[in-house]
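Working notes for the structure below.
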Amino acid sequence: MKPEHQDLVLQACGASSLCVGAKIQTLWSGYGEIVRLQLQGSDWPSVVLKHVKFPEEVEHPGGWNTDRSHTRKVRSYQVETHWYQNFSTNQSCRTPACLAARSYGDEMLIVLEDLDVAGYDQRRTSVKDREIKACLSWLAHFHALFLGVEPEGLWPVGTYWHLETRPDELEAMGHPELKAAAGDIDKILNECRFKAIVHGDAKLANFCFSEGGRDVAAVDFQYVGGGCGMKDVVYFLGSCMEEKQCEKRVPGLLDYYFSELKQSVKKDVDFAALETEWREMFVYAWTDFHRFLLGWQPGHWKINRYSKQLTKEVLRKLKL
């Protein structure tokens, strides 16, 4: 670890010394790593360091090694830094505390609370009903907290797949009818009356669970920004359920999300109008992500019968 990086951590945490522990993960496309640091002489026994280093040569798993892709990733880390420095949540939608964030030329460091120490030390690759509902509750409280809040310094339109930032994937997709409708779908989502700040990458892997799975915290705010809360909901549900589960369980899970949202929003919000609009947006949000996948990775497992059926429904609506 470079001396200036070490000094930043020691000063931010009031620590006398540190030891670099295990690597938690490598960042997407080789843009750095996330590691755990063990501290001495600090109130924080350990912290998590997100160390971004822009590579000279990018290796993208899907082959999308373009200047546009690089620019988007650079911007995403700038957004994440701004998020941690300027926004905060509460216990109902827990996120790690940011202890320090700084740029060093082509490197960026974000020093975060270690959620494992805080009691969120469980990760899931598959989930039961309790854990799905815990994540949906987190999303509902998050959207309620930031309902009507301008995404200042964040992505004007949140999510990593939104159309404006994905023209290459749109050009590559082979579904001509959906391709032609992509702009209309994007416009409908962007012009909805009720907007919040959305997490933007609310997949199962970005939730950290407590023992027993009743409580969760979320990480990875590179694509946080403005938009309809349904974008997070459809992305989360699609990340942890296969097509038959979606067909069977989505209606009840949507009901649960909206019951949590109703309890969380401020009393002056016209909740009936909000729920009506966002339920209508559900199929558009799901189809919008389906559009992205068809261009980005047409063999992806999430391209299934359920997604295709919702897409047909949207295309029929747009023809009316």
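How much length is gained on full extension from Ala97 to Val20, taking 0.36 nm per residue of separation minus their Cα-Cα distance?
25.8 nm
Per residue, how much accessible surface does the chain expose to a 1.4 Å probe? Answer in Å², no decimals.
Computed with neighbouring chains in place, this is 46 Å² per residue.
Springs between alpha-carbon atoms under 10 Å, Gaussian network over the chain: tell me which of Gly238, Gly229, Gly30 tops the mean-square fluctuations.
Gly30
Which order do peptides 196-203, 272-279 fall in by mean Cβ count within 10 Å, highest first?
Most protected by this proxy first, the peptides run 196-203, 272-279.
Once label points are set 7 Å from the Cα along Cα→Cβ at both Lys203 and Ala172, what is their separation, rounded to one decimal in nm?
Label at Lys203, label at Ala172, 1.5 nm between them.
Debye calculation, C-alpha points only, no solvent: report log10 I(q)/I(0) for region 184-320 at q = 0.09, 0.13, 0.17 Å⁻¹, in the same order as the q values.
-0.28, -0.59, -1.05
Pull out a ≥ b ≥ c, the square roots of the eigenvalues of the alpha-carbon gyration tensor of region 80-181, then state rounded if a/c is under 1.5, prolate if not and a/b is larger than b/c, and oblate in the remaining case.
Oblate, since a/c reaches 1.5 and b/c is not below a/b.
Could you pull out which residues in region 105-126 have an amide N less than 19 Å from a spot 7 Å beyond the Cα of Lys53, following the Cα-Cβ vector?
105-112
Against the longest alpha carbon principal axis of the chain, how many degrees, from 0 to 90 and to the nearest 10, is the axis of helix 129-145 turned?
Approximately 90 degrees, to the nearest ten.
State the percentage of accessible surface on region 206-316 attributable to carbon and sulfur atoms; use a 1.4 Å probe and exclude ligands, DNA and RNA.
Of the solvent-accessible surface of region 206-316, carbon and sulfur hold 48 percent.
Give me the number: length gained by fully extending Tyr104 to Asp129, i.e. 0.36 nm times residue separation minus the C-alpha to C-alpha distance, one decimal in nm.
4.7 nm is the gain from fully extending Tyr104 to Asp129.
Does anyone have the angle between helix 305-319 and the longest principal axis of the chain? Alpha-carbon axes, 0 to 90°, nearest 10?
So the helix axis and the longest Cα principal axis differ by about 60 degrees.
With everything on Cα atoms, drop me the angle between helix 230-240 and the longest principal axis of the chain, reported from 0 to 90° to the nearest 10.
Helix 230-240 sits roughly 80 degrees off the main axis of the chain.
Give me the dipole magnitude in Debye, nearest 20, for region 85-145 about the Cα centre, with unit charges on the beta carbon: positive for Lys and Arg, negative for Asp and Glu.
In total the dipole reaches around 340 debye.
Taking only Cα atoms and a 10 Å spring cutoff, compute GNM fluctuations for the chain and point out the largest among Glu113, Glu164, Glu150.
So, out of Glu113, Glu164, Glu150, the one fluctuating most is Glu164.
For the chain, take N as its residue count and report Rg(C-alpha) divided by 2.2 N^0.38 Å.
This ratio for the chain stands at 1.01.
The values are calculated or read from the model by the stated rules, or taken from the named source; none is laboratory data. In this text, all values refer to a predicted model and were calculated from it rather than measured experimentally. Note that each Cβ is placed from the backbone with ideal geometry, even for glycine, and that neighbours are counted across all protein chains shown. Note: areas computed on protein heavy atoms with side chains; ligands, DNA, RNA excluded. Shrake-Rupley method; radii C 1.70, N 1.55, O 1.52, S 1.80 Å.
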